[in-house]
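The values are calculated or read from the model by the stated rules, or taken from the named source; none is laboratory data. As the structure is a prediction and not an experimental result, all values here were calculated from the model. Positions of Cβ are backbone-derived with ideal geometry, glycine not excepted, and every protein chain shown enters the neighbour counts. Side chains included, ligands, DNA and RNA excluded: accessible areas come from the protein's heavy atoms. Shrake-Rupley method; radii C 1.70, N 1.55, O 1.52, S 1.80 Å.
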Amino acid sequence: MSSIQNKLPTVARYSLGLAFFVFGLNGFLHFLPQPPISGPPLNFIGALIASGYMFPLLKGTEVLMATLLLANRFVPLALTILAPVMVNIIAFHLFLEPAALALPLVLLALELYLAYSYRDAFAPLLRAVNSPHVSSPDSHRSRVPAAAS
C-alpha cells in the first residue's frame, strides 16, 4: 500500500471530524452566517428548536462524535452514531434544500469511505446469524495466576 493510501483514512477522519465539530459548535455559538431560509426548511428547523431538546441533542452529538474522530478514539462507534445524522442531513437537503446538497454529499462520501476503511470493526454486525455470549462458570473467577510454591 502506498504512503498516500495509508494517509487517506486519516485525512478523511480529520475532514469529517472537523466538519461535524465546526457545524455542531455553530449550532450553539452561531459564529457562521446563515443564509436566509423560509418555507419547509424553516418549519423543519423551527420544529427541532421548538422541541427544546432535539436541536441541542443533535448538535451535542455532532460535537462529541467529531471529538472522537479527531482524537482517533472509538472511530467505528462515532461513525455508527453519525450514520443516522448523515441520513437526516442528506434527506433534508435532498427534499427541502437541494441547492445546498454538495457539501452533505462530500460528508456522506467521507463517512462511507471511513466505514469501508474500518470494515473489520463492522463485520460482526453484518453477520445474518449470531449467538449471544454465554458466560462459563470460570468467567467469574479471578484471572490472577496462583503463587508459585
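Of note:
- Among the helices (runs of 4 or more DSSP H) confined to the stretch 7-118, the ones with at least 3 residues that are at pLDDT 95 or above and under 15 Å from the mean Cα position of the chain (by Cα) are located at 54-71, 75-95, 102-117.
- Within the stretch 32-82, the residues that satisfy the criterion of being open to solvent by 40 Å² or more (accessible area, probe 1.4 Å) and either among the charged types (D, E, K, R) or in contact with an Asp or Glu (Cβ under 8 Å, 6 or more places away or on another chain) (or both) are 37, 73.
- Sub-9 Å Cβ pairs linking a first residue in the stretch 27-46 that is closer than 19 Å to residue 63 by Cα to a second residue that is hydrophobic (A, V, I, L, M, F, W, C) and outside any helix (DSSP H, G or I), at least 6 apart or interchain, are 45/37, ordered by first then second residue.
- Odd one out for residue 89, checked against (1) within 18 Å of residue 27 (Cα to Cα); (2) in contact with an Asp or Glu (Cβ under 7 Å, 6 or more places away or on another chain): (2)
- Residue check for residue 121: over 23 Å from residue 55 (Cα atoms) and either part of a helix (DSSP H, G or I) or open to solvent by less than 80 Å² (accessible area, probe 1.4 Å) (or both): yes
- Residue check, residue 42 closer than 24 Å to residue 16 by Cβ, out of contact with any strand residue (DSSP E or B) (no Cβ under 6 Å at 6 or more places or on another chain) and not polar (S, T, N, Q): no
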